[in-house]
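To keep things clear, I will list the structure first and then write my remarks on it.
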Amino acid sequence: MSIIFKRTKILASVGPPVDNLEVMNTLIDNGVNGFRFNFSHAKYEDVERQIAWVREASQKKGKPVAIVQDLQGPKIRLGNLRHDVEVKEGDVLTLAYGIEHDSDHVLPVQYNLAEKVKAGEPLYMFDGKVRTTVVQVKDDTVVLVKVENSGTLSSRKGINLPETDFAGDILTAKDMRDIEFGAHHDIDYVALSFVQSPEDIHALRQILLSHGSTAHIIAKVETKAAIKDGILEKIVKASDGVMVARGDLAVEAGAEVVPIVQRKIIALCRKHGKLSIVATQMMASMVDSPEPTRAEVSDIATAVVLGADTVMLSDETANGHYPLEAVAAMKKVILYTQEHSAVATISDYIHGVKTRQDAISTAAVSLADQMDASAIVAETRSGLTAAKVASNRPNLPIFAVTSELRSAQQLALSYATRSFVRPDGEKVGYELVKQLKAEGLFGDEEKTTVVIVSGRHPGVTGGTDTIRVRVLE
């Protein structure tokens, strides 16, 4: 087999270090399959320019690239402090919305906590470094908390509320503006922050539809509510993909919980044919260093072995000094791991009756293995057939051929998948393979065997019902 490419994909966050057409071109050449735009910080004029660069590079290279809009959500922070504030165990702090900092024990917050929190709930500040408990909701805008450990607080540090019920109120006015902007600026995925239930996904989907958007939804799992028994799988089923947002999840649920939740999320996404993304601090040391640590290399390798669709770079490309090196190092680890270790099984999570598409996709992967095929070809319109094939984690390429550019771009983050845009037709998959063979993609193989998954009515979503074996000489 001459086709060697990474099966787990790379999603890179956009920031000042990569705000350059040449750098973005190089990142795509070096293995980036999608770009994440963090709308906690992004400015519309910058995003418009950067999206145009991505699309220009993608078109020139003939390589679909995904664009992910990451919504801020109800990100709760301290306000501006005049100076760092030292707090001690036993202190009672007043957190007030809409005030200026004037006293070390009366601190401004950027979100009206009084509308959501209740006495007795935990409240963590500065990534969990200072832990407190709510002792009183004093009036409409003031909350009193008791400090449980000594520490230092600084301006605009984040606040986590692991036991607080937001009752579906996780889209802010800013998010609504950002969603409308994204709907008109070629966004492929919208990542929803602080998801607590499948209803949060359903609400966002209706909003996207109202704007005429075909963007898929990624649920960011970063709250205790989202990982409760009976809730997590419903969130996976309601979404188009799930991001393991390990930073906030570690603060809210405990760092020891994260590795197990990560495994469960990846397995559930594989079970239901949904995109899985592992995020946060994958190569954090490379913000300031040209080489990753051994622990970071192991972290990436673990995600690959578990069968994650995508691994994400955050500060490494958005704020780091070595964005190109970080992508190169991540790709190197992915390639070595996939060539020397099999993907883990998910037998603990595959109970239940499979759909027709599940059964056909599983059969296609099994057949490809028995026939020693060089590739699986998925003729698909929405991308669902290719995603179902990918959920079986074959150790060979999946060529997805679709008439929809949006589907091709979304599939750029799907496991082992290369997507191609072609008009609908009866033999579109076979013609694609003939072209790729003529271009030398299969090397000097005399005979090339492929398995083609398709439907009798090309272009009809959900019509996949046929598996064919084709041998090209």
Which residues in the range 264-304 have a backbone N closer than 15 Å to a point placed 7 Å from the Cα of THR26 along the Cα-to-Cβ line?
290
Once amide hydrogens are built 1.01 Å from N within the peptide plane, the residues lying 5 or more places from ALA400 or on another chain with amide H under 5 Å from its amide H are ALA378, ARG418, SER419, PHE420
Using packing as a proxy for protection, rank 355-362, 323-330 so that the peptide with the highest average count of other Cβ atoms within 10 Å comes first.
323-330, 355-362
I'd like the Karplus ³J(HN,Hα) series for the range 163-175: coefficients 6.51, -1.76, 1.60, θ = phi - 60°, whole numbers in Hz, and an x wherever there's a Gly or Pro.
10, 7, 8, 8, 6, x, 8, 10, 9, 8, 4, 4, 4
Over 23 Å [Cα-Cα, the range 76-160], rounded percent:
7 percent
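Length gain on complete extension for the stretch THR133 to LYS118, per 0.36 nm per residue less the alpha carbon to alpha carbon distance?
Values: separation 15, 0.36 × 15 = 5.40 nm, distance 0.97 nm.
My answer for the length gained is 4.4 nm.
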On C-alpha positions alone, give me the angle between the axis of helix 428-438 and the longest principal axis of the chain, in degrees, nearest 10.
80 degrees
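By the scheme Lys and Arg +1, Asp and Glu -1, what is the net charge of all other residues having a beta-carbon under 11 Å from that of ALA378? Numbers along the way, then the final one.
Values: positive: ARG381, LYS388, ARG418; negative: GLU379.
Net local charge, ALA378 excluded: +2.
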What size of dipole, in debye to the nearest 20, comes out for the chain about its Cα centre when the only charges are +1 on Lys and Arg C-beta atoms and -1 on Asp and Glu C-beta atoms?
1360 debye
Using θ = phi - 60° and Karplus 6.51 cos²θ - 1.76 cosθ + 1.60, couplings along the range 467-473 (whole Hz; Gly, Pro as x):
10, 10, 10, 10, 10, 9, 10
Projected label distance in nm at ASN395 and GLN435, using a 7 Å step from Cα toward the beta-carbon:
3.1 nm
Once both labels are modelled 7 Å past Cα along the beta-carbon direction, what's the LYS237-ARG294 spacing in nm?
4.4 nm
Expected 222 nm ellipticity per residue - DSSP helices of 4 or more, -39500 (n - 2.57), all of the chain, to 500:
-10000 deg cm²/dmol
Taking the alpha-carbon centre of each part, the distance from the range 135-193 to the range 389-449 in Å is 42 Å
Residues meeting the amide H criterion for VAL109 (H placed from the backbone, H to H distance under 5 Å, 5 or more places apart or on another chain) are GLY79, ALA96, TYR97, GLY98, ILE99
For GLU199 paired with ARG55, estimate the spin-label separation in nm (one decimal), with each label point 7 Å from Cα along the Cα-to-Cβ line.
3.7 nm
Which values of log₁₀ I(q)/I(0), to two decimal places, follow from the Debye formula for the chain at q = 0.06, 0.12, 0.14 Å⁻¹ with a uniform point scatterer at every Cα?
-0.28, -1.05, -1.38
Output the 0 to 90 degree angle, nearest 10, between the alpha-carbon long axis of helix 21-30 and the longest principal axis computed from the alpha carbons of the chain.
60 degrees
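Quick note: the coordinates plus some simple rules give every number you see, no bench work behind them. Computed from a predicted structure; not experimentally measured. Note that we place each Cβ from the backbone using ideal geometry, even for glycine, and neighbour counts take in every protein chain shown.
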